[in-house]
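Student: There's a structure below that I have some questions on.
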Amino acid sequence: LQKMNRTYTPDLFAEKVTIIRKIIPNAAIGADIIVGFPSETDEMFEKTFSFVKQLPLTYLHVFPFSERPGTIAAQLPNPVSSDVIKARCKRLRALSLEKQQAFLKTCIGQKLGVLFEERWNSDFLKGTTDNYISVLVKGDDSLLQKEVPVKITAIQGRFAIADRVL
């Protein structure tokens, strides 16, 4: 059985995430997950899925394992099929969206500062809070590149919808 060369354990990671959440309740905590490392069994994936599901994470960056020539991992036995990797990535990305929306719902009613970076469409500007929440607000381009106080009023997909606080 091959493992990725990590210097920490799942228990240590869980402990650190839990501590951060206690100290900074509205911290957006993400994790990178590589799916389909050679020798990853169904049982191993399910264990990872259950572990990640119970953690107070906000979102996941899910990456399919991709072989890189010249690396140790490229020479390992028991590769995981691309169909299995795709299915596992899909499950973890769905879990990520679920976690993200649960986190965003806790922000409804909060007043936050948002740095507006771009026009999202003809109606909305898109910006980011200091804890990485993507926010959409109706407004004109005069708000671009400025931090503006807003109140989160709703959630739409991976975005918080907000009104300006005047």
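Student: Just the accessible area per residue of the chain, please: how many Å² with a 1.4 Å probe?
Tutor: With all protein chains present, the chain gives 63 Å² per residue.
Student: May I ask you to compute the full-extension gain from Ala94 to Lys16, defined as 0.36 nm times their residue separation minus their alpha-carbon distance, rounded to one decimal in nm?
Tutor: 25.7 nm is the gain from fully extending Ala94 to Lys16.
Student: Quick one: angle between helix 42-54 and the longest Cα principal axis of the chain, in degrees between 0 and 90, rounded to 10, please.
Tutor: Result, in degrees: 30.
Student: Sticking with this one: Within segment 106-124, find all residues whose amide N lies under 18 Å from a label point positioned 7 Å from the Cα of Asp141 along Cα-to-beta-carbon.
Tutor: 116-124
Student: Determine the percent antiparallel among the DSSP beta bridges restricted to the chain, to the nearest 5.
Tutor: Percentage antiparallel, nearest 5: 70.
Student: Taking the chain as the reference, fit the longest principal axis to its C-alpha atoms, fit the long axis of helix 82-105 to the helix C-alpha atoms, and give the angle between the two in degrees, 0 to 90, nearest 10.
Tutor: Helix 82-105 sits roughly 30 degrees off the main axis of the chain.
Student: On the full set of protein chains, 1.4 Å probe, figure out the accessible area of Ile72 and give it in Å² to the nearest 10.
Tutor: Estimated to the nearest 10 Å², Ile72 gives 140 Å².
Student: Then there's this: Taking every eigenvalue of the Cα gyration tensor of the chain, multiplying by 5 and rooting it, what semi-axes result, largest first, whole Å?
Tutor: 37, 18, 14
Student: While we're looking at this one, here's another question. Give me, ordered by chain and number, the residues 5 or more places off Val35 or on other chains with an amide H under 5 Å from its own placed amide H.
Tutor: Those qualifying (amide H under 5 Å, at least 5 residues apart or on another chain) are Phe63, Phe65.
Student: To continue, here is another question. Per DSSP helix of 4 or more residues, -39500 (n - 2.57); summed, then divided by the residues of the chain. What does that give at 222 nm, rounded to the nearest 500?
Tutor: About -10500 deg cm²/dmol.
Student: Using label points projected 7 Å from each Cα along Cα→Cβ, tell me how many nm separate Arg119 and Lys47, to one decimal.
Tutor: Going by the 7 Å Cα→Cβ label model, 5.3 nm.
The values are calculated or read from the model by the stated rules, or taken from the named source; none is laboratory data. These figures come from a predicted structure and were not determined experimentally. Neighbour counts are summed over all protein chains in view; Cβ atoms, including those assigned to glycine, are modelled from backbone coordinates with ideal geometry. To get the accessible areas, we keep the full protein, side chains included, count just its heavy atoms, and leave off ligands, DNA and RNA. Shrake-Rupley method; radii C 1.70, N 1.55, O 1.52, S 1.80 Å.
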